[in-house]
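J.: Here you go, one structure.
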Amino acid sequence: MPEYATRLESLIPAEASQLLSLAKEMQRQGKDVITLCVGEPDFDTHIEAKLAAKNAIDAGETKYAPLAGIHELRLAICEKFKRDNKLNYAVENVIASTGGKQVIFNALMATLNQGDEVILPAPYWAGYPDVVRVCGGEPAFVETDEADDYILRPRALADAITDRSKWVIINSPSNPTGAVYERPELESLADVLRDYPDIWIMTDDIYEHVVFDDVEFTTLASVAPDLKNRILTVNGCSKSYAMTGWRIGFGAANAELIRRMITIQSQITLAPSTISQWAAVKALNDNLAFNDEQIDILRTRRDLAVSIFNETTGLRCNRPKGAYYLYVNCEELLGKKTPAGTVMETDRDLARYFLEEAEVAVMPGSAYGLSPYFRVSYGVSTPELEEGCMCIKAACAALAHR
Ligand SMILES: Cc1ncc(COP(=O)(O)O)c(C=O)c1O
């Protein structure tokens, strides 16, 4: 048989996808599985963005676009950064890609050499470690603390830096914890990073518009303008504009990094879908991110789920300031037995138990590098969320001491 690439050997098979396939299989068998594990809200794309795409099709905008995106979209991205983040970027400082994921891939591929380290605060978005490995790098995990709202602190960052460190990635609001870095926290990280001019900094702001309780979203490039030249700000339409399927992400950085990212992009996808780009132009220019009403709905869901979990024996969780995830501590349930006699050794066992017995799909914390926890996404309808949380509560109550 012909052989496969060795680079795949370093990739850990995504346990997330195994659980999701089991949930899908159960649904196929007619079971009523509640999926609290998807990374997108149940809101629809704004009608104006849809119309812009339809108009683009009718106007014949169906051909290849320039590699870094159509000029109108690059301008809209610059305007968005000016309006929302008080950041000035020129067109040559921005790139549009096929999702935020591709912006990250382009950047790592353009900068990592074999063995370079990428500092990832844990828990991290499950997509980071493997993209680092695919690009030849090694993830360097730094655990954060639930009691400290999962915020990477300057001391922990400084301790994680080695002479192989090439990037540090900060994701705020965070997937999977919903933690938000506010200005003082970003300032203290900037203080550390100033001493390491050879380290790139990526801020993944893709959940920018999903913040609650009067929290003001802030991004590192505006907090520490002196570091702007080595910051890549990643953002996109997926998560805050209900446009996950359109596949439009974007990044802003110094023109040289962007030029190299375009070179990488030219070897994979070329530009993102021209039609989606026109939808994104409308979404950005008209500021079609979630409106106050939608944020209120998400906040209500967050509060509902937080209160159910904090009333559940063996569970506890923080009330996050952003995104649409809860990271629920399930430490007290480990060692307990299901009615069928299976002992819960890990958060993976527990997620499987919830799926098989309560018919609720959640993601185990092991997928995000900090256990024992599970992640709940509340991007589903409020009644469905309530039912899912209540089923989890009942399943927890059915666990007995060994
Ligand atoms: C933190 C984070 N960054 C990036 C992405 C990728 O976004 P996109 O769908 O635009 O590729 C995701 C998607 O789950 C995410 O959660």
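J.: Of the numbered conditions (1) closer than 28 Å to I295 by Cα; (2) assigned to a loop (DSSP other than H, G, I, E, B), D163 satisfies every one except a single condition; which is it?
T.: (1)
Listed here are the residues, each with its yes/no results for (1) touching an Asp or Glu at 6+ places or on another chain (Cβ under 8 Å); (2) of a type outside the set (F, W, Y); (3) free of Cβ contacts under 8 Å to residues at least 24 places away in the same chain; (4) closer than 23 Å to M363 by Cβ.
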position	(1), (2), (3), (4)
N285	yes, yes, no, no
E293	no, yes, yes, no
L298	no, yes, no, yes
I308	yes, yes, no, yes
G322	no, yes, no, yes
Y325	no, no, no, yes
N329	yes, yes, no, yes
L333	no, yes, no, yes
T342	yes, yes, yes, yes
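J.: Additional query: Every residue in segment 98-143 that is hydroxyl-bearing (S, T, Y) and within 16 Å of the chain's Cα centre (by Cα), please.
T.: T98, Y124, Y128 - these are the residues of segment 98-143 that are hydroxyl-bearing (S, T, Y) and within 16 Å of the chain's Cα centre (by Cα).
J.: Among the candidates S240, S188, which residue alone is hydroxyl-bearing (S, T, Y), at pLDDT below 95 and more than 16 Å from V142 (Cα to Cα)?
T.: Selected residue: S240, the only one of S240, S188 that is hydroxyl-bearing (S, T, Y), at pLDDT below 95 and more than 16 Å from V142 (Cα to Cα).
J.: Inside segment 38-56, can you point out the residues that are farther than 19 Å from L284 by Cβ and either more than 16 Å from the ligand (Cβ to nearest atom) or loosely packed, with under 14 Cβ neighbours inside 10 Å (or both)?
T.: Once the filter is applied, which keeps residues that are farther than 19 Å from L284 by Cβ and either more than 16 Å from the ligand (Cβ to nearest atom) or loosely packed, with under 14 Cβ neighbours inside 10 Å (or both), segment 38-56 yields nothing.
J.: So which of D303, D296 is part of a helix (DSSP H, G or I), under 30 Å from A400 (Cα atoms) and either away from the ligand (no atom under 16 Å from the Cβ) or not assigned by TED's automatic domain parsing to the domain that holds S97 (or both)?
T.: Selected residue: D303, the only one of D303, D296 that is part of a helix (DSSP H, G or I), under 30 Å from A400 (Cα atoms) and either away from the ligand (no atom under 16 Å from the Cβ) or not assigned by TED's automatic domain parsing to the domain that holds S97 (or both).
J.: Can you tell me which of A252, A221 is away from the ligand (no atom under 16 Å from the Cβ) and either within 30 Å of D296 (Cα to Cα) or in the same structural domain as K86 (by TED's automatic domain parsing) (or both)?
T.: A221
J.: Which condition number does G136 fail, the rest of (1) assigned to a loop (DSSP other than H, G, I, E, B); (2) crowded, with 24+ Cβ neighbours inside 10 Å; (3) touching a Leu at 6+ places or on another chain (Cβ under 7 Å) being met?
T.: It fails just one condition, (2).
J.: Just one of (1) in contact with a helix residue (DSSP H, G or I) (Cβ under 7 Å, 6 or more places away or on another chain); (2) under 18 Å from R375 (Cβ atoms); (3) more than 13 Å from the ligand (Cβ to nearest atom) trips up E146, so point out which.
T.: The failed condition is (1).
J.: What number of residues within segment 68-87 satisfy the criterion of being outside any helix (DSSP H, G or I) and surrounded by fewer than 16 Cβ atoms within 10 Å (Cβ to Cβ)?
T.: Final tally of qualifying residues: 1.
J.: Another question, then. Criterion first (assigned to a loop (DSSP other than H, G, I, E, B), touching a residue at least 40 places away in the same chain (Cβ under 8 Å), more than 16 Å from the ligand (Cβ to nearest atom) and on the phi < 0 side of the Ramachandran plot) does V281 satisfy it?
T.: no
J.: Do you know which of the residues in segment 160-197 that are crowded, with 18+ Cβ neighbours inside 10 Å and among the aromatic types (F, W, Y) is farthest from G115 (Cα to Cα)?
T.: The residue in question is Y181.
J.: Another question, if that's okay. Please tell me if K63 is among the basic types (K, R), more than 16 Å from the ligand (Cβ to nearest atom) and in contact (Cβ under 8 Å) with a residue 40 or more places away in the chain.
T.: Yes: the conditions hold for K63.
J.: For segment 124-137, what are the residues that are of a type outside the set (A, V, I, L, M, F, W, C), touching a Pro at 6+ places or on another chain (Cβ under 9 Å) and away from the ligand (no atom under 11 Å from the Cβ)?
T.: Across segment 124-137, the qualifying residues are P129, D130, R133.
J.: Turning to a different aspect of this structure: Scanning segment 348-393 for residues that are assigned to a loop (DSSP other than H, G, I, E, B) and touching a residue at least 60 places away in the same chain (Cβ under 8 Å), which turns out farthest from P320 (Cα to Cα)?
T.: So the residue we want is E359.
J.: Among the residues of segment 88-121, what is the count of those that are more than 9 Å from the ligand (Cβ to nearest atom) and either assigned to a helix (DSSP H, G or I) or buried (at least 18 other Cβ atoms within 10 Å of the Cβ) (or both)?
T.: Residues in segment 88-121 being more than 9 Å from the ligand (Cβ to nearest atom) and either assigned to a helix (DSSP H, G or I) or buried (at least 18 other Cβ atoms within 10 Å of the Cβ) (or both): 21 in total.
J.: Something else: Going through segment 334-385 one residue at a time, which ones are surrounded by fewer than 20 Cβ atoms within 10 Å (Cβ to Cβ) and among the β-branched types (V, I, T)?
T.: T338, T342, V343, T346, T382
The values are calculated or read from the model by the stated rules, or taken from the named source; none is laboratory data. Only a predicted model underlies this, so the values are computations on that prediction, with no experimental measurement involved. We place every Cβ from the backbone using ideal geometry, glycine too, and count neighbours over all the protein chains shown.
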